[in-house]
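*Asks:* Could you have a look at this structure, given as structure tokens, before my questions?
The values are calculated or read from the model by the stated rules, or taken from the named source; none is laboratory data. Remember, it's a predicted structure, so these values are computed and weren't measured experimentally. With ideal geometry, Cβ positions are generated from the backbone for all residues, glycine too; neighbour counts draw on all protein chains shown.
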Amino acid sequence: MLSGWFHGPVGILIAQLVIILALSRGLGFVAARLRQPLVIAEIVAGIVLGPSLLGWLAPSVLAAVFPAESLQSLKMLSQVGLLLFMFLVGLELDPKLLRGRGRASVAISHTSIVVPFALGALAAPFLYARLSSPSIPFVSFLLFIGISMSVTAFPVLARILTERRLLTTEVGAISITCAAVDDVTAWCLLAFVVSVVRASNVGGAVLTTFLALAYAAGMLVLVRPFVARMAARVATRDGLTQGIVAFTLVLLLLSSLATEMIGIHALFGAFIFGAIIPKDGALARLLAEKLEDVAVVLLLPIFFAYSGLRTEIGLLSTPGSWGICGLIILLACAGKFGGSTIAARLTGLPWRESSAIGILMNTRGLMELIVLNIGLDLGVISPTLFTMMVVMALATTFMTSPLLRWIYPGERARDLVATRADEGEPFRVLVSVSHAETAPGLAVLGSALARSSTEALLALHLVRPQDRASFHLRAGSEAQEALAPLLARSAALGVEARSLSFVSGEPAVDICRTAEAKGVGLVLLGRHKPLFGGTVLGGTVRAVMQEASCDVAVLVDRGLSEIRRVLVPFMGSGHDRAALVLARRLLESSGAEVTILHVVSPRASESSKRQRVLVDELFPEDTHHIRLSIIEHAHPEEAVLDEAKEGYDLVVVGVGVEWGLNDALLGRHRERIVRDAAPSVVVVHHALAAAPPVTESRSSSERPASVAEAL
Amino acid sequence: MSHAIHLGATLRLLRVDAGLGLRELARRIGVSSAYLSRVEHGLDAPPTNERLGAIARELGIPATLLVDVTHRVNPFVASYLDEVPAARTLFLEIARRGLTAGELARVQAFIDAELPGARRPVREERAAGLAELLAPERVVLGLECSNVGDLLDVAASRLARATGTPARDLAALLRRAEDDAPGAIGSGLHLSRASVAGAAPIASVVVLGRPLREATPDGLPVRVAVVVVRSRQGGANQVQLLRVARLGARGLADALCDVRRPSQVIAKILELERVR
């Protein structure tokens, strides 16, 4: 048989690891396409490998690859992985999230535990009668169902929020705080439940509770100051020696051993030990970096596989059992989603924001699976109920992303616009004026962009250092000469600009530094059409683009006096997106009409659909000011030049070789769009977009896994 | 020309920088807080030398340095002149020749070289001089702006890299310190400061191309701004601020009004600081 090929248990184990890793990563690729977190793929991979699919289709293969006697080693490995993983979850738990939270977060997090717990407890008698045996104490069963309904997956939540750039919004801040609180509460409750289940009598339960409290106190009072001192040493010396890593691991294992011996699960000790490591120093970050790949990439999928091997969808053979499964999903969502949403609404958040919080809190992910496996190991829940609960965990995690996109769609676009402008600060533009001649066009564009808020337009003029004449007498007038036309023009357009001027030998550096100190969202430069040789994107312009930490736009002015019709060529790069954002501002502030020319290269058409979605996201409403035309053209540059003849005031284009505009030192391009287009042109450079986006989005799905990603 | 540093504004700056409340300082030196407040706002005559001594002690700064800033004859000098009348003739000679700061620096150098052991134990501060905290890249020339906030932002942009703090955050720190106690201390000098954990002390000097008309205690527009960033508040830091204030009293704003290169600014400051 097959098992003969593997030459014994070690061979089987290695073969199992290969299959598990390959399958979960392969499905992970599919999940990323469906915009689902990796955890979905890993859970599904486990189920596929288990009796539900493989065992059903080819029982002999299952028996050969996952023979019953090999499961023990798989289980042990998965437990080690879980220990490390819970340690990482503890490491990522920032106590700052638990302290100083607002009234809203307190109310929501408490409600989001109490309501699902209560609903679970209400359903417990019904489930107990159908899916449990009388040998299990009813109290244990009830507590356990309650817990498994109220779990939230902190790591998967953190990842969804980061991906959708919601972390800094109110919704994100409240959800992440609530999830952190929920996490701590749920684990404490679970430890209590496990101790109740394991204790044979009342005296035993009391003893366990007492020991658990003594353990927690010991960790906080004795171990924590010690670990803090150790962390301080790591922070001052550079790096974390292997000795310290080994020592930390020993402490971690001792902590887990202690909780296991007390009778509350070993995972609890790992979590607590991670949680007491100080988060402000380097230790927590360095440890997480070191352990993450082994724990999350290698060991965690084993847990999912093991858990999938115990999941038998086949047990849900009757419509009745599917009905119960549906009921469980319904109850879980009603409790968690309903409870959090209503609590959020009652604290005064709008319905849309409230339901977004509810959807996020309803994510259960891996945390639920850990709880369920503990329950199955303890014998509190039967394999049938276990399977139903796994389906519930899968369903609630799966629905999070699409539901969030549906309920809370505008957010992403709004966030993109606010990209670099610091949280909550108004968008401001720094206009660098080198010569008075470039001023009028810059004034028109700058005023249009900065109309939204006061003091949003800052005009900067840098004076060349001069050794000769007493420039102090002259410099004043030079700065005023250079800036006056811009100030006058923008004042005429109803925007009051502030002016700033000083002597600078390195204009590019000073423009970037000033932009940073002023916290502006966009640096706007002026440039004349180059006559002979010389590129637009050279010299100071290139230096600013490469050094600035915000977006940079260069205006090549052809007598810009009014902005009514704007053309945005688009192929999807980060710079193109920045150009779109800029055009969107023009639309919002001055009602300009924006035409997006989406150029599709005949060769690479498979990526175009995604970019279409992107355009839709950026301009969710406002359809009558937007015209989207998609054309297929082998030479994007030509396409733009053709379209630009149709009476536009301004072309807004991202930097990029596809447009013949390159900001790199080598590889000169002819910059035909800048030279030959009839209207004025703005070339936009996005600070964060080093790589073209098609590969960017692909690589983001392939970047190394993190704890957050695993859920 | 007289370069009167405003004692009240300077005291307020030092007090706030030391983290002392008005009432707390008043209680410690045994005056009413109303009186101290009037002094800080220049509404009452400057305190006597004894009171200044008490204030200096509470702020952890040398009394002689504080008296220096007030433009009074230092009591230590007065008692020396009584002891050694011949010295008066020398001071008179210096006054008659109208020695400039640079020339006085040469006299100081001569004294240092020829009479090294003669220094009396007026052990002044060990804090580094302003020139040592500067670098050409942190000197801004010809700034024209419309308010102090812009000035602080520009200084922050030059200080950010050396302190390892984002310019935006540093600017916010400077603005907050400015709100607590205005940096305009008269004689055309603006003195700003911020504390950044773990930062080695550094400074930036901004020479204004167009004098900044803001509320100053003596009504003179600001022409030079000095921005000091250091690790934490405390004794040595107040000494540093006070020494910069004394530079103002020695005519810093006038000395820098026609420099054209950052290195010249540092050289001028070094010269002003040479006379200890």
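*Asks:* Kindly indicate whether any position in region B:89-101 is farther than 28 Å from residue B:268 by Cβ and among the polar types (S, T, N, Q).
*Replies:* In the first step, residues of region B:89-101 are kept if they are farther than 28 Å from residue B:268 by Cβ; the result is B:89.
Those left that are additionally among the polar types (S, T, N, Q): B:89.
Within region B:89-101, one or more residues are farther than 28 Å from residue B:268 by Cβ and among the polar types (S, T, N, Q).
*Asks:* Looking at region A:473-480, is at least one residue touching a strand residue (DSSP E or B) at 6+ places or on another chain (Cβ under 9 Å), crowded, with 21+ Cβ neighbours inside 10 Å, at pLDDT 80 or above and facing chain B (nearest Cβ under 9 Å)?
*Replies:* no
*Asks:* In region A:80-100, which residues are in a helix (DSSP H, G or I), more than 16 Å from residue A:187 (Cα to Cα) and modelled with pLDDT under 70?
*Replies:* Result: A:96, A:97.
*Asks:* Condition first: more than 12 Å from chain A (Cβ to nearest Cβ) and in contact with a helix residue (DSSP H, G or I) (Cβ under 6 Å, 6 or more places away or on another chain). Now tell me which residues in region B:194-204 satisfy that.
*Replies:* Those that are more than 12 Å from chain A (Cβ to nearest Cβ) and in contact with a helix residue (DSSP H, G or I) (Cβ under 6 Å, 6 or more places away or on another chain): B:194, B:196, B:199, B:201, B:202, B:203.
*Asks:* Also, I was wondering about something else. For residue B:126, are the conditions met, namely being out of contact with any His (no Cβ under 9 Å at 6 or more places or on another chain), modelled with pLDDT of 85 or more, at negative phi and exposed (fewer than 14 other Cβ atoms within 10 Å of the Cβ)?
*Replies:* Numbers: out of contact with any His (no Cβ under 9 Å at 6 or more places or on another chain): yes; modelled with pLDDT of 85 or more: no; at negative phi: yes; exposed (fewer than 14 other Cβ atoms within 10 Å of the Cβ): yes.
In short, no.
*Asks:* Moving to a separate point now. Can you say whether residue A:48 is within 37 Å of the chain's Cα centre (by Cα) and within 23 Å of residue A:155 (Cα to Cα), as far as the supplied structure shows?
*Replies:* For residue A:48, the condition - within 37 Å of the chain's Cα centre (by Cα) and within 23 Å of residue A:155 (Cα to Cα) - is not met.
*Asks:* Select from region A:188-237 the residues that are modelled with pLDDT under 75 and of a type in the set (Ser, Thr, Tyr) and write down the one among them that is nearest to residue A:251 (Cα to Cα).
*Replies:* Selected residue: A:236.
*Asks:* Being over 17 Å from residue B:252 (Cα atoms), of a type in the set (Ser, Thr, Tyr) and more than 9 Å from chain A (Cβ to nearest Cβ) narrows it down to one residue among B:163, B:216; which is it?
*Replies:* It is B:163.
*Asks:* Considering B:245, B:236, B:267, which residue is surrounded by 19 or more Cβ atoms within 10 Å (Cβ to Cβ) and aliphatic (A, V, I, L, M)?
*Replies:* Matching residue, one of B:245, B:236, B:267: B:245.
*Asks:* I would also like to ask the following. What is the one condition in (1) surrounded by fewer than 18 Cβ atoms within 10 Å (Cβ to Cβ); (2) within 22 Å of the chain's Cα centre (by Cα) that residue B:111 does not satisfy?
*Replies:* The one condition residue B:111 does not meet is (2).
*Asks:* Having 3 or more residues that are more than 16 Å from residue A:302 (Cβ to Cβ) and not assigned by TED's automatic domain parsing to the domain that holds residue A:159 is the bar; report the helices (runs of 4 or more DSSP H) wholly within region A:1-76 that clear it.
*Replies:* Answer list for region A:1-76: A:2-5, A:9-33, A:54-57, A:59-65.
*Asks:* Counting just the residues of region B:138-147 that are outside any helix (DSSP H, G or I) and either more than 8 Å from chain A (Cβ to nearest Cβ) or of a type in the set (Gly, Ala, Ser) (or both), which one comes out surrounded by the fewest Cβ atoms within 10 Å (Cβ to Cβ)?
*Replies:* Checking each candidate, the answer is B:147.
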